[in-house]
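A.B. asks: Quick one: this structure, given as structure tokens, is what I'll be asking you about.
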Amino acid sequence: MPAHIAGQLHATPAPVWLPYPDDVNAVMPSLWSDNVAKGADGVLTIAGHPVTELAERFGTPTFVFDVDDFRSRAGLYRDAYAAAFAPEKGLSGVDVFYAGKAFLCTAVAKWVHEAGLGLDTCSLGEMMIAHAAGVPGESIGLHGNNKSIAELEYALDYGVGRIIVDSLDEVDRLEAVAAAKGVIAPVMLRVTVGVEAHTHDFIATAHEDQKFGLSVAAGKAAEAAARVVDSAHLRLDGLHSHIGSQIFDISGFQVAAARVLALRAQIMSDHGVDLPDVDLGGGFGIRYTSQDTPIPVAEMAGALAEVVVKECRGLGTNVPRISIEPGRAIVSPAVFTLYAVGTVKEVVTDSGVRTYVAVDGGMSDNIRTALYDADYSCTLANRNSDADPAVVRVVGKHCESGDIIVRDEYMGADVAPGDLVAVPGTGAYCRALSSNYNHVARPGVLAVTPDRVDWIVTPETYSQLFANDPGMADATGQ
């Protein structure tokens with residue numbers, strides 16, 4: 001942004017999209033979970049619990065999880081898609097799988113299963129969590145572009161309902177494992193349909209030049225289908241497509257669905273088989289800032305149902321059972337991260353003064369800003385501010401200039417050390433992608449309901465952090 005015509009003291013470093021707040025102490029409800037509010041004193045509450053009390057009792061940084069909000073969003077996806085894909089509308093029903101990669105622990109796996117959703121996993125560890133939570137194998141899907149023998153063996157022993165095969169090598173690997181166990185493995189093929197999703201390159205997954213899937217255009221998907229159909233130990237149940245994440249455009253999903261259904265029709269015709277299932281993936285965008293425009297759940301469900309019916313009618317095929325895989329859309333809005341401010345620094349820039357607010361976490365608990373250029377909002381959480389709004393940049397404590405949590409937001413200019421800052425929308429890919437950079441212990445996840453506050457993931461201790469360093473044995477006293 002260029003310097004102000006009257007000089008930099010009259011300019012601000014605010015991006016043009018960031019609206020100047022009418023009330024710097026207010027929160028925008030659409031960015032937060034259903035049970036978050038601010039009292040007259042400016043203290044943020046979740047399910048009636050003041051964050052000042054949570055911080056004093058449990059410490060910071062902490063991921064704060066609104067359990068009822070999570071359950072409500074899971075139910076919303078279940079019900080909206082069930083209504084859109086109802087058999088009386090000429091469809092064959094739908095399955096909703098929660099994408100565990102967004103955030104998974106045993107409590108979340110249990111809540112997902114209780115909500116009637118399936119669970120997508122991507123590794124041996126995620127399957128082990130699902131198993132420990134009591135999720136039945138038939139409700140599990142296994143993803144991954146490089147599944148190990150151990151993962152495939154575990155999946156077959158667990159009885160997972162779908163193994164989403166990602167390569168020709170995996171076809172051979174899975175066939176060998178299934179043959180050795182004397183079982184038939186349920187297969188869906190992940191296909192690359194050539195759709196350019198309107199999202200960051202690192203989370204777009206259906207264009208040709210990336211690691212996921214079997215290309216339709218190059219004939220790899222058709223070759224894989226032929227191999228699976230000819231195998232005595234593999235059963236081809238359907239096709240899977242995932243075009244990316246944090247997507248706000250319905251058309252990409254519609255084009256992908258049409259291409260997958262066309263491939264399905266061709267495979268059924270070529271091999272005389274039925275493919276009863278088609279998975280259209282996830283990646284539904286959510287609102288991280290005021291500029292994000294997510295598609296309403298029922299609207300997306302209806303649009304996908306329409307394209308499935310239309311394409312199957314045109315292709316002259318039966319209508320498959322559809323599945324989808326929301327992860328971020330269910331868990332991200334249910335969580336905010338609570339930080340304590342340690343340092344406030346004013347920096348003069350070419351376009352004005354920017355206030356840097358350094359908190360006690362950072363890229364070790366939220367790498368998304370550095371990794372994906374993600375944007376977040378935030379609020380002063382422990383009091384009201386009577387000061388004028390100022391553009392702040394919330395940063396972490398790590399030794400990287402890219403250690404930014406919230407790039408631009410307005411807060412009261414009197415924000416000071418000791419204040420609490422809350423960042424909404426951190427349920428997905430924050431704790432899941434967390435690290436121990438600079439040997440910082442990872443935060444815990446605090447589940448909150450009106451009558452209960454409990455850890456569902458405990459904060460990491462230094463003894464746990466140093467457990468794999470023989471030279472640190474007994475060094476921490478923990």
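The values are calculated or read from the model by the stated rules, or taken from the named source; none is laboratory data. Small disclaimer: the values here were computed from a predicted structure and weren't measured. Note: ideal-geometry Cβ built from the backbone for every residue, glycine included; neighbour counts use all protein chains shown. Surface accessibility is based on the protein's heavy atoms, side chains included, excluding ligands, DNA and RNA. Shrake-Rupley method; radii C 1.70, N 1.55, O 1.52, S 1.80 Å.
A.B. asks: With Asp120, Asp95 as the choices, which residue is open to solvent by less than 20 Å² (accessible area, probe 1.4 Å), over 18 Å from Val335 (Cβ atoms) and in contact (Cβ under 8 Å) with a residue 60 or more places away in the chain?
C.D. replies: Asp120
A.B. asks: Now a separate question. Right, Gly412: over 30 Å from Asp68 (Cα atoms) and touching a Ser or Thr at 6+ places or on another chain (Cβ under 6 Å) or not? I'd like the intermediate steps shown before the answer.
C.D. replies: Working: over 30 Å from Asp68 (Cα atoms): yes; touching a Ser or Thr at 6+ places or on another chain (Cβ under 6 Å): yes.
So Gly412 fits the description; yes.
A.B. asks: Another question about this same structure. Scan the stretch 135-176 residue by residue and report those that are closer than 12 Å to Arg190 by Cβ, in contact with a His (Cβ under 8 Å, 6 or more places away or on another chain) and part of a loop (DSSP other than H, G, I, E, B).
C.D. replies: Scanning the stretch 135-176 gives a single hit, Asp166.
A.B. asks: Check off (1) within 28 Å of the chain's Cα centre (by Cα); (2) surrounded by 16 or more Cβ atoms within 10 Å (Cβ to Cβ) for Gly59 and give me the number that stays unchecked.
C.D. replies: (2)
A.B. asks: Can you tell me which residue in the stretch 400-416 is farthest from Arg354 (Cα to Cα), limited to those that are touching an Asp or Glu at 6+ places or on another chain (Cβ under 8 Å) and small (Gly, Ala, Ser)?
C.D. replies: Gly412
A.B. asks: Identify, please: which residue in the stretch 246-278 is open to solvent by less than 60 Å² (accessible area, probe 1.4 Å) and of a type in the set (Asp, Glu) and is, among those, farthest from Ala217 (Cα to Cα)?
C.D. replies: My answer is Asp249.
A.B. asks: May I ask you to list the residues in the stretch 370-416 that are in a strand (DSSP E or B), open to solvent by 10 Å² or more (accessible area, probe 1.4 Å) and under 19 Å from Arg442 (Cβ atoms)?
C.D. replies: Those that are in a strand (DSSP E or B), open to solvent by 10 Å² or more (accessible area, probe 1.4 Å) and under 19 Å from Arg442 (Cβ atoms): Val395, Ile404.
A.B. asks: Those residues that are in a helix (DSSP H, G or I) and not hydrophobic (A, V, I, L, M, F, W, C), I need them from the stretch 38-73; list them, please.
C.D. replies: Residues of the stretch 38-73 in a helix (DSSP H, G or I): 51-58, 67-73.
Result: Thr52, Glu53, Glu56, Arg57, Asp68, Asp69, Arg71, Ser72, Arg73.
A.B. asks: Sort through Gly42, Gly48 and tell me the only one that's touching a residue at least 12 places away in the same chain (Cβ under 8 Å) and more than 18 Å from Met411 (Cα to Cα).
C.D. replies: Exactly one residue qualifies, and that residue is Gly48.
Here is a yes/no grid of residues against (1) farther than 19 Å from Gly244 by Cα; (2) in contact (Cβ under 8 Å) with a residue 60 or more places away in the chain; (3) surrounded by fewer than 16 Cβ atoms within 10 Å (Cβ to Cβ):
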position: Leu280; (1), (2), (3): no, no, no
position: Thr289; (1), (2), (3): yes, yes, no
position: Ile295; (1), (2), (3): no, no, no
position: Ala298; (1), (2), (3): yes, yes, yes
position: Ala301; (1), (2), (3): no, yes, no
position: Ile322; (1), (2), (3): no, yes, no
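A.B. asks: Step by step: first the residues of the stretch 417-440, then only those that are in a loop (DSSP other than H, G, I, E, B) and more than 22 Å from the chain's Cα centre (by Cα), then the one that is nearest to Thr355 (Cα to Cα). Which residue is that?
C.D. replies: Taking the stretch 417-440 as the starting set, the residues that turn out to be in a loop (DSSP other than H, G, I, E, B) are 417-419, 425-436, 440.
Narrowing further to those that are more than 22 Å from the chain's Cα centre (by Cα): 417-419, 440.
Details: Pro417: 13, Gly418: 16, Asp419: 15, Val440: 25 Å.
The qualifying residue nearest to Thr355 (Cα to Cα) is Pro417.
A.B. asks: With the requirement that a residue be over 22 Å from Trp32 (Cβ atoms) and open to solvent by 20 Å² or more (accessible area, probe 1.4 Å), what does the stretch 348-366 give you?
C.D. replies: Result: Val348, Thr349, Asp350, Val353, Arg354, Tyr356, Ala358, Met363.
A.B. asks: Please work out which residue is modelled with the highest pLDDT, limiting yourself to the stretch 215-224 and to residues that are more than 18 Å from Ala258 (Cβ to Cβ) and not in a helix (DSSP H, G or I).
C.D. replies: Looking at residues that are more than 18 Å from Ala258 (Cβ to Cβ) and not in a helix (DSSP H, G or I), I get Gly219.
A.B. asks: What about Leu338, is it part of a helix (DSSP H, G or I) and either crowded, with 24+ Cβ neighbours inside 10 Å or of a type in the set (A, V, I, L, M, F, W, C) (or both)? Full working, then the answer.
C.D. replies: Numbers: part of a helix (DSSP H, G or I): no; either crowded, with 24+ Cβ neighbours inside 10 Å or of a type in the set (A, V, I, L, M, F, W, C) (or both): yes.
The answer is no for Leu338.
Residue by residue, here is whether (1) surrounded by 23 or more Cβ atoms within 10 Å (Cβ to Cβ); (2) within 22 Å of Lys220 (Cβ to Cβ); (3) in contact with a strand residue (DSSP E or B) (Cβ under 6 Å, 6 or more places away or on another chain) holds:
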residue: Ile129; (1), (2), (3): no, no, no
residue: Gly134; (1), (2), (3): no, no, no
residue: Gly141; (1), (2), (3): yes, yes, yes
residue: Asn145; (1), (2), (3): no, yes, no
residue: Ala150; (1), (2), (3): no, no, no
residue: Tyr154; (1), (2), (3): no, no, no
residue: Asp157; (1), (2), (3): no, no, no
residue: Ile164; (1), (2), (3): yes, yes, yes
residue: Ala178; (1), (2), (3): yes, yes, yes
